[in-house]
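Okay, structure first, notes after.
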Amino acid sequence: MRALLLVAALVASSDSDLGERAYREGRWAEALAAFERALDAPGEPRRGAILHSMGNCALRLERPAEALRQYLRAERRLPRDADVAHDRRVAEGLLRLDGGDERDGSLLEAVERASSPSERLAVVSGLLAIGLVGSVLARRKPASWRIAAAAAVALGLAGAARLAATAWLSRPAEEAVVVESRVDLRSAPEESAPVTGTLRAGERVRVTEFGPRFLRVERLDGASAWAERAGLGLVD
């Protein structure tokens with residue numbers, strides 16, 4: 001087993017190197033194929049960087065919707081990488097989008113987009129610890145100390161509840177990007193169903209139900225319909 005893992009790691013490294021070389025030489029399609037092979041290797045530790053490179057290849061190939069999908073996937077692994085964020089905005093600009101990730105402007109949502117689950121857990125744990133220790137130390141302090149400690153506990157509990165709801169109580173909807181120039185929305189998961197609207201390249205939707213050929217998607221305005229799976233790329 002160890003030998004197989006070593007071989008897989010060497011193949012992944014080779015594919016990644018081939019992709020970087022092809023990219024430098026302007027062979028974008030070849031580079032993209034090499035990065036895709038590297039991404040498929042089990043236990044690849046550089047998935048965020050590889051996805052970023054895949055987005056760059058797609059952008060060079062004038063496929064901005066595909067590039068946007070790869071940048072969004074990269075951002076999930078590299079949530080504070082300035083280069084990934086910049087390139088994602090470039091793709092959105094080419095698609096004439098206004099920044100689909102701003103669908104929820106709350107502070108909590110902004111924090112979630114800019115941090116990983118382990119980092120959010122650390123913040124929640126820190127708030128609870130500060131609040132509990134502060135509650136003990138604040139017994140002989142002014143009332144403002146007790147208020148601050150109680151606020152820290154409340155924030156920590158709210159964050160813990162949010163993490164629990166996301167991890168255990170509900171399965172969050174998947175996000176997807178429209179990678180075709182146009183995707184029809186239908187009232188039912190059938191090709192013969194009436195068309196109720198269209199999605200354009202680069203639009204981001206929530207996938208709330210999966211079917212063998214059609215996905216039920218929800219748009220930014222909350223409208224829900226069915227779209228063909230082939231025209232959408234999941235942001236996993």
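Inspect all residues belonging to the stretch 87-96 and state whether any of them is surrounded by 12 or more Cβ atoms within 10 Å (Cβ to Cβ), modelled with pLDDT of 65 or more, in contact with a helix residue (DSSP H, G or I) (Cβ under 7 Å, 6 or more places away or on another chain) and closer than 20 Å to Arg46 by Cα. Scanning the stretch 87-96, I find at least one residue that is surrounded by 12 or more Cβ atoms within 10 Å (Cβ to Cβ), modelled with pLDDT of 65 or more, in contact with a helix residue (DSSP H, G or I) (Cβ under 7 Å, 6 or more places away or on another chain) and closer than 20 Å to Arg46 by Cα, so the answer is yes. Considering Ala225, Ala160, Ala148, the condition of being at pLDDT below 75 and closer than 30 Å to Ala74 by Cβ is satisfied by Ala160 alone.
Residues of the stretch 196-236 that are part of a loop (DSSP other than H, G, I, E, B) and of a type in the set (Val, Ile, Thr): Val235 alone.
So, Thr196, is that one of a type outside the set (Lys, Arg), more than 24 Å from Glu92 (Cα to Cα) and in contact (Cβ under 8 Å) with a residue 24 or more places away in the chain or not? Can you show your working first?
On the way: of a type outside the set (Lys, Arg): yes; more than 24 Å from Glu92 (Cα to Cα): yes; in contact (Cβ under 8 Å) with a residue 24 or more places away in the chain: yes.
Taking the combined requirement at face value, the residue satisfies it.
From the set of residues in the stretch 41-72 that are part of a loop (DSSP other than H, G, I, E, B) and among the basic types (Lys, Arg), which is nearest to the chain's Cα centre (by Cα)? So the residue we want is Arg46. Within the stretch 47-71, the set of residues being surrounded by fewer than 17 Cβ atoms within 10 Å (Cβ to Cβ) and out of contact with any helix residue (DSSP H, G or I) (no Cβ under 7 Å at 6 or more places or on another chain) comprises Glu62 only. Please state which of the following conditions Ile130 fails to meet, knowing it meets all the rest: (1) closer than 30 Å to Ala230 by Cβ; (2) surrounded by 13 or more Cβ atoms within 10 Å (Cβ to Cβ); (3) modelled with pLDDT of 75 or more. The single condition Ile130 does not satisfy is (1).
Of everything in the stretch 73-86 that's in a helix (DSSP H, G or I) and of a type in the set (A, V, I, L, M, F, W, C), which residue is surrounded by the fewest Cβ atoms within 10 Å (Cβ to Cβ)? Lay out the reasoning, then the answer.
Taking the stretch 73-86 and keeping what is in a helix (DSSP H, G or I), we get 73-77, 82-86.
Filter once more, keeping what is of a type in the set (A, V, I, L, M, F, W, C): 74, 82, 84-85.
On the way: Ala74: 26, Ala82: 8, Val84: 24, Ala85: 17.
Here the residue is Ala82.
The values are calculated or read from the model by the stated rules, or taken from the named source; none is laboratory data. Treat the numbers as computed from the prediction; the structure is a model and nothing was measured. As a convention, Cβ positions derive from the backbone with ideal geometry for all residues, glycine included, and neighbour counts pool all protein chains shown.
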